[in-house]
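First the structure, in the form of structure tokens, and then the observations on it.
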Amino acid sequence: MYKSSAAQAVEALIQEYSKLVFHTIYGLTGDWEESQDLTQDTFHQALKSIDAARAKSGEHFHAKAWLLRIALN
């Protein structure tokens with residue numbers, strides 16, 4: 001099964017940053033289940049927009065900051 005480069009990139013980001021994103025959101029909401037849902041929403045949004053974000057930022061793309069910005073929004 002073929003995965004797009006965006007899907008592969010987001011999968012790598014999930015591995016690296018899912019706990020950070022979850023705990024950042026949990027620190028704001030204080031609700032475990034809502035934080036799980038919002039974390040999933042964050043990575044879903046990341047999948048939809050990572051190609052554009054990387055193209056716009058080029059070599060200055062910082063995945064961690066980008067993901068946290070999505071999570072906080």
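The values are calculated or read from the model by the stated rules, or taken from the named source; none is laboratory data. Keep in mind the model is a prediction, meaning the values are calculated, not measured. For neighbour counting, all protein chains shown are included, and Cβ atoms are generated from backbone atoms with ideal geometry for every residue, glycine included. Just the protein is used for accessible areas: all its heavy atoms, side chains included, with ligands, DNA and RNA removed. Shrake-Rupley method; radii C 1.70, N 1.55, O 1.52, S 1.80 Å.
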Filter segment 39-58 for residues that are open to solvent by 60 Å² or more (accessible area, probe 1.4 Å) and of a type in the set (A, V, I, L, M) and give the result.
L47, A52, A55
Under 9 Å between Cβ atoms, which residue pairs at least 6 apart in sequence (or on different chains) link something in segment 44-64 that is touching a residue at least 24 places away in the same chain (Cβ under 8 Å) with a partner that is loosely packed, with under 10 Cβ neighbours inside 10 Å?
Q45/N73
Is at least one residue of segment 23-40 aromatic (F, W, Y) and part of a helix (DSSP H, G or I)?
yes
Picked from segment 1-40 (must be modelled with pLDDT under 90 and in contact with a Leu (Cβ under 8 Å, 6 or more places away or on another chain)), the residue nearest to A52 (Cα to Cα) is A6
Here are the criteria: (1) in contact with a Ser or Thr (Cβ under 9 Å, 6 or more places away or on another chain); (2) at pLDDT 95 or above; (3) not polar (S, T, N, Q). Tell me which single one D51 does not satisfy.
(2)
